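Starting off with a structure, shown below.
Only the coordinates and a few stated rules stand behind these numbers; no lab work does. Note that this is a predicted model, so its numbers are computed, not measured. When we count neighbours, we look across all protein chains shown, and the Cβ atoms used for this are built from the backbone with ideal geometry, even at glycine.
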Amino acid sequence: MGFDNESIVHELIANVQFIPIFIRLDKILIVVSKISISSCEEYYGAGLGYLFTLITKYNGKQSLFIQSILEDKCSLNVYYEGIKLYHNKDTTPNKIWETIGILRKYDGMTLFGITNSYVQQKLEELKKNNNIITCTSDNWENIDLLNLIFEQNIKKRKIANTFSDWSNLFTNWYKQTNTIIQFPAILFQIYPENYQFQEKELGAWRAMLRASGCINITPFSKKQHIHSEIRYNGTIRSSKNIR
């Protein structure tokens, strides 16, 4: 058939944007059918649209697991013969797999395929080709660079312009001695009081902050205590935030 001929194979796949990645994990086969990128460190650079499947037993039945990364969460659906048996969304792959309670010998990142060396290689290639722009807090006085990051993370997602001068977020924070912010409370510096945020908006601003050198931007629920850490000027500090 010619599939052992390297030149024929290269010609056949010349216009194919992505070839599924097959990852063997003991007896489990993980198929990464779509990859996408982000500046999110919690997802090791993977982003919205990342999609993959695996087949293993759930409640004693050989089932199809469909896993994906959404705007700011991960999703897991389990199907048996077309019937959905399980659904869950959470902030990280590890939390999803801790909840479902199977395959405990692996962490969620491994089962999502994200930390696989070949997947990481493809994510890096995609990142270079898409010219994702990032910076650190040392660059926050460079408004031209911040504007590019704003275009990339806010404007491209078509977020409604109901806020005032967004650059104040960075100029005000940069002047603070405290490197910790509370999210999404900080957004009320530029949004009207009592503004009701949509998940899409929060996801876009998290992406903006991450691309600007912050990590672990975590949403708070009422009466919830969360330890958050944000890397700022190369220093990690932690605090307990209460909302």
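Just the number, please: Stokes-Einstein D of the stretch 6-130 in µm²/s, Kirkwood Rh from C-alpha pairs, 25 °C, 0.890 mPa s.
161 µm²/s
How many times 2.2 N^0.38 Å is the alpha carbon radius of gyration of the stretch 115-214?
Compactness ratio reported: 1.17.
Could you tell me the calculated FRET efficiency between D138 and K89, based on Cβ-Cβ distance and R0 = 35 angstrom, to the nearest 0.05?
Once the sixth-power term is evaluated, E becomes 0.50.
Please sort 20-32, 156-168 by packing, taking for each peptide the average over its residues of neighbouring beta carbons within 10 angstrom, highest first.
Going from most to least packed, we get 20-32, 156-168.
Right, another one. Based on Cβ point charges of +1 for Lys and Arg and -1 for Asp and Glu, what charge dipole magnitude is obtained for the stretch 6-130 about its Cα centre, in debye rounded to the nearest 20?
440 debye
Something else: For the pair Y80/K27, report the inter-label distance in nm, with labels modelled 7 Å from Cα in the Cβ direction.
1.7 nm
Which ³J(HN,Hα) values in Hz, rounded to whole numbers, follow from the phi angles of the stretch 92-100 under the Karplus curve 6.51 cos²θ - 1.76 cosθ + 1.60, where θ = phi - 60° and Gly and Pro get x?
9, x, 4, 5, 4, 6, 5, 6, 6
If each residue of separation counts as 0.36 nm, what is the full-extension length gain between K158 and E125 once their alpha-carbon separation is subtracted?
9.3 nm
Provide the gained length on full extension for the span K105 to Y195, in nm with one decimal, where the gain is 0.36 nm per separating residue minus the Cα-Cα distance.
That pair, K105 and Y195, stretches by 28.1 nm at full extension.
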